[in-house]
Amino acid sequence: MKSFLLSFSLVLSSIFMPLHLVQAQAKNPTGGQTNAQNTYISAVDQDLAIKSLVLVPTTDNVGGIYAKPIDEELRKLLNDDKQWSLSEFPKDLKIKSELLDEHPEDVKKILQAGASEAALTSKLIKGPRGISITLTLFVGREGLPLLQENIADYKGFEIGDIKSQVANLFMNLKNRMPFRATILSRRGQQVTLNLGSNYGLKSGNRVSVVQIIKINRHPKLNFMVSTDKEVLGRVKLFKVEPYLSFGYVELEKESGVIAVGSKVMPDEFVKYSLPVTTPSGKVMQDITQRPDKDVAFGDEPKEWVPESAPQFGKVELMAGFSNYTQNAKLQTAGSISGSNNLSPNILVRAELWINPEWFVGVNLRQSVFSIDNGYSGSSPGKLNMSVSQYGVNGGYNFLLSNDFFGPKIRLNAGFSSTDFKVDDSTPTAFTSMKYSGLLLGIEGQFPLSDELPIDLGGKFDLYVNPSLSESKSSGASSSNTINAFSFFMDYRLKTRFKIRGELLFENYSSSFSGAGQRSDPASSISHKMTTLMGGIQYLF
C-alpha cells in the first residue's frame, strides 16, 4: 500500500510541478533565472518574436511619384521573405505615418489593428543634392523604433534605381536584427531553424542560441544601439536547405532550455591579422619598436591630425591672356580700331568671411600691351596701352545645404574702376578712358559631384549708371554701359588649396553727343575683352 501511495504521489508531482512553475513565473514575468523547463522568457525577447509585419504606406515629397513603386518593392520583398509574413495596413486608421517616430501611441494602434508584432515605414525626400530614403522598423509593446536604415543624397532618379536602393536598405535592416533566426521545433536533441543556405549557412556550421535580456537605446532617438544577451546553448547543423536548417543540440545551460521560439545567432568571431612578436614569442604592443618601423613610419614619425577646414577667407592669384579690341567711330575718319590677341593679365583677389553668410572682398588687375594705331595718317603707328582695374565689394551667401563649401548662390554689391590708358597720337586716335561705378553681382557655385573635387560656377555683374573720364573728351556728354560676366571651374587640390580656371567676358561702351576736346569728335567708343585665366587659391 505504501509503495502504491508513493508511486501515485510521484505521478501527481510530475503532472502539476511544471504547471506550478509556469504559474509561478506568470506572477513574475519580468525577471528570474532560466530553469530546466525554459519557463522564463524575458519581455524584451518576446517583443522581438516577429511573425508578421505591417507595411505602412510610403510617403514622399514629390506627389507620390516614388511612393507606389517603393510600396510594391517592399511588398514583394516581404512576400518572398520566409521569416516574416506581411499584414495589411488598416485602412481606417487616420494617422500621419511620417511622424510615427514622435508618436508611439500611433504605432501601438497600428500593431493592434494589424494583429502584428512589427511595423515598417518608408519615406523618400527629394532635395537639391539628391534623393534620401529612410526605412524604420518599429517593434514591441512600447511602440518605439528599433532599427533605421537610410541613404542620403542619392543621385539616381529612375524607378529601377530607387527600387534597388530600397531592397538594399531592407536587407541591411534585417541583418542588423539582434538575432538571425528562431527555433521552429525541437524533438529530443534535434531542432529546426528558419534559416538556411540562402543566408550563408552550411552543413557542419555551429550556431549559438541566445535570449535577449535588454535593448540599449539611443537616449534621444530611441533606436537600438546594442543588446544584452544570455547564451542558452549551441546547435550543430547536419542538414541545410535554402530556408531551413536541421541540427542537434550540442550544449545547453540546462536541460530543455532551448525551446521553440529561442533566438539563434551564427557563431561569428572577431578576426585579427598575425601579430608581430619578439624572438621570445611575446606579442609586441609598441609599434615604434617594430623591426620595420623605419620603413612603415619613416624618420621622426608624428601623429597624423586631420587639417582643419578654412574658416577666415581666401587669397587668389591668377594670370592669363586677353583678346582685346577697341573700336571708335569718328566723325571725319570714320571707324577705326586697335587690337591685341594676346595681352597678358595678372589678377589678385582677396576675400574675408565675416561669418558663413557675410563676406567682403577686394580685387586688383593689371595688363600691359600694345595696339595698332588704326587712324590713317596718325602717328606713332604702335600705341602702348595698359588696363588697370580695382574693386571692393561685400555680399551675402545663400547656402543651399549645411556645407559652406557646398552649393551656394552669392549676391554682392560694391564699387569698381577700370582705367584704359593709351599713348597720345597726332592726330588723336584713342584717348585714355576711366570707367567707374557701383555694381550689383550674382554668382552661383555648385560641386560637380561627391566623387569629383570640382566646382563649377558663373558670375554676372551689372554696373549702375557708370561714369566716364577721358584724357581728351570725345564729346560734350556721354552715355556709358558696362557688361561683365564669367564662368569658372575650381579643382580642390588640398584642404586649403584650389586650382581655378576662369573665362571672363567684358564690354565697355560709350556713346557721345556734342563737340568735345578732340579735333575729330567721336560718336561712340567700345572696349571688348575676352580673358582666359588660371591660378591658385589659398584658403585660410
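The values are calculated or read from the model by the stated rules, or taken from the named source; none is laboratory data. The structure displayed is predicted, hence computed values, not measured ones. Methodologically, a virtual Cβ is constructed for each residue, glycine included, from the backbone with ideal geometry; neighbour enumeration extends over all protein chains shown.
Might you check whether a residue that is out of contact with any Phe, Trp or Tyr (no Cβ under 6 Å at 6 or more places or on another chain), surrounded by fewer than 14 Cβ atoms within 10 Å (Cβ to Cβ), of a type in the set (Asp, Glu) and touching a residue at least 24 places away in the same chain (Cβ under 8 Å) occurs anywhere in region 257-270?
Within region 257-270, one or more residues are out of contact with any Phe, Trp or Tyr (no Cβ under 6 Å at 6 or more places or on another chain), surrounded by fewer than 14 Cβ atoms within 10 Å (Cβ to Cβ), of a type in the set (Asp, Glu) and touching a residue at least 24 places away in the same chain (Cβ under 8 Å).
Would you be able to say whether some residue in region 408-416 is of a type in the set (S, T, N, Q), touching a residue at least 24 places away in the same chain (Cβ under 8 Å) and part of a loop (DSSP other than H, G, I, E, B)?
The answer is no; no qualifying residue exists.
Taking region 155-197, which residues are within 17 Å of Val210 (Cα to Cα) and either in a loop (DSSP other than H, G, I, E, B) or touching a Pro at 6+ places or on another chain (Cβ under 6 Å) (or both)?
Arg176, Met177, Pro178, Phe179, Arg180, Gln189, Asn194, Leu195 - these are the residues of region 155-197 that are within 17 Å of Val210 (Cα to Cα) and either in a loop (DSSP other than H, G, I, E, B) or touching a Pro at 6+ places or on another chain (Cβ under 6 Å) (or both).
Looking at this structure, is Leu493 touching a strand residue (DSSP E or B) at 6+ places or on another chain (Cβ under 9 Å), more than 30 Å from Lys421 (Cα to Cα) and surrounded by 15 or more Cβ atoms within 10 Å (Cβ to Cβ)?
So Leu493 fails the test.
For every residue, the table says whether it meets (1) in the same structural domain as Ile159 (by TED's automatic domain parsing); (2) modelled with pLDDT of 90 or more; (3) under 42 Å from the mean Cα position of the chain (by Cα); (4) within 19 Å of Glu117 (Cα to Cα).
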position	(1), (2), (3), (4)
Asn28	no, no, no, no
Gly32	no, no, no, no
Thr39	no, no, no, no
Val54	yes, yes, yes, yes
Ile65	yes, yes, yes, no
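Starting from residues that are more than 43 Å from the chain's Cα centre (by Cα) and among the hydroxyl-bearing types (Ser, Thr, Tyr), keep the ones in region 318-371 and report whichever is surrounded by the fewest Cβ atoms within 10 Å (Cβ to Cβ).
Thr332
Looking at this structure, is Tyr396 touching a residue at least 24 places away in the same chain (Cβ under 8 Å), in contact with a Gly (Cβ under 9 Å, 6 or more places away or on another chain) and outside the structural domain of Gly130 (by TED's automatic domain parsing)?
no
With (1) within 40 Å of the chain's Cα centre (by Cα); (2) over 20 Å from Ala350 (Cα atoms); (3) surrounded by fewer than 15 Cβ atoms within 10 Å (Cβ to Cβ) as the list, and Leu400 as the residue in question, which single condition is left unmet?
(3)
Kindly establish whether Asp455 is part of a strand (DSSP E or B), of a type outside the set (Lys, Arg) and touching a Gly at 6+ places or on another chain (Cβ under 9 Å).
no
Thr332 is checked against (1) under 30 Å from Tyr491 (Cα atoms); (2) not in a strand (DSSP E or B) and fails just one. What number does that condition carry?
With (1) under 30 Å from Tyr491 (Cα atoms); (2) not in a strand (DSSP E or B) applied to Thr332, the lone miss is (1).
Per-residue answers, yes or no, for (1) more than 20 Å from Ser343 (Cβ to Cβ); (2) in a strand (DSSP E or B); (3) not assigned by TED's automatic domain parsing to the domain that holds Ile336:
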position	(1), (2), (3)
Asn483	no, yes, no
Lys494	yes, no, no
Ile499	yes, yes, no
Leu504	no, yes, no
Ser511	yes, yes, no
Leu532	no, yes, no
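I'd like to check something: does region 84-107 contain any residue that is among the polar types (S, T, N, Q), within 28 Å of the chain's Cα centre (by Cα) and part of a helix (DSSP H, G or I)?
yes
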